[in-house]
Amino acid sequence: MVERVRDAAEATQAIANLEDSATQATAIDGESINSQLIHIARHLALILELDQVGGVPPGEPPNKRTHRHWWREIKTAVRNIQQKMKNCRSRNQLMASLGKARNQPPRTPEQIADIEARLAMVARMMGEEIGELLPCL
């Protein structure tokens with residue numbers, strides 16, 4: 001009888017370990033994505049010469065000569081986000097992950113929509129296509 005209880009306990013632990021592994025495999029790094037969204041928003045605000053984009057101010061005065069540099073920074077950040085979101089399955093999963101961000105306030109759905117709209121605008125200005133920023137949405 002003791003062996004059956006021990007076997008059942010071991011089986012339960014093995015299942016829990018598998019569930020933890022599956023959760024980690026599909027986890028999204030909300031902290032990193034939030035940071036990249038803020039980085040993109042700051043540079044979009046610089047290029048568009050706006051007070052803020054997605055709740056983020058530019059942080060320095062705009063300078064038309066640096067637009068190409070900031071655009072390269074934005075494209076790199078977009079690629080970083082897309083790489084980190086390979087395991088994203090839904091908007092709810094993404095928003096839950098962003099909600100765990102602690103270094104800076106997480107972006108809200110409205111702020112994300114603003115960033116996406118401004119990103120498309122700047123891509124057109126730069127004569128390029130950028131694709132979806134957050135592909136699981």
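The values are calculated or read from the model by the stated rules, or taken from the named source; none is laboratory data. Owing to the predicted nature of the structure, the values given are computational and were not obtained by experimental measurement. Here the Cβ is made from the backbone with ideal geometry for all residues, glycine too, and neighbour counts use every protein chain on show. When the accessible area is computed, the model is the full protein with side chains, heavy atoms only, and any ligands, DNA or RNA have been set aside. Shrake-Rupley method; radii C 1.70, N 1.55, O 1.52, S 1.80 Å.
Results, tabulated for the structure shown:
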| item | result |
| --- | --- |
| Residue match in segment 17-29 (condition: modelled with pLDDT of 90 or more, over 30 Å from Met125 (Cα atoms) and open to solvent by 40 Å² or more (accessible area, probe 1.4 Å)) | yes |
| Subset of segment 60-93 [open to solvent by less than 60 Å² (accessible area, probe 1.4 Å), over 14 Å from Gln36 (Cα atoms) and assigned to a helix (DSSP H, G or I)] | Thr66, His67, Gln93 |
| In segment 97-125, the residues that are surrounded by fewer than 17 Cβ atoms within 10 Å (Cβ to Cβ), touching a helix residue (DSSP H, G or I) at 6+ places or on another chain (Cβ under 8 Å) and either part of a loop (DSSP other than H, G, I, E, B) or hydrophobic (A, V, I, L, M, F, W, C) (or both) | Lys100, Arg102, Asn103, Gln104, Met121, Met125 |
| Residue within segment 91-107 that is of a type in the set (S, T, N, Q) and under 16 Å from His43 (Cα atoms) present | no |
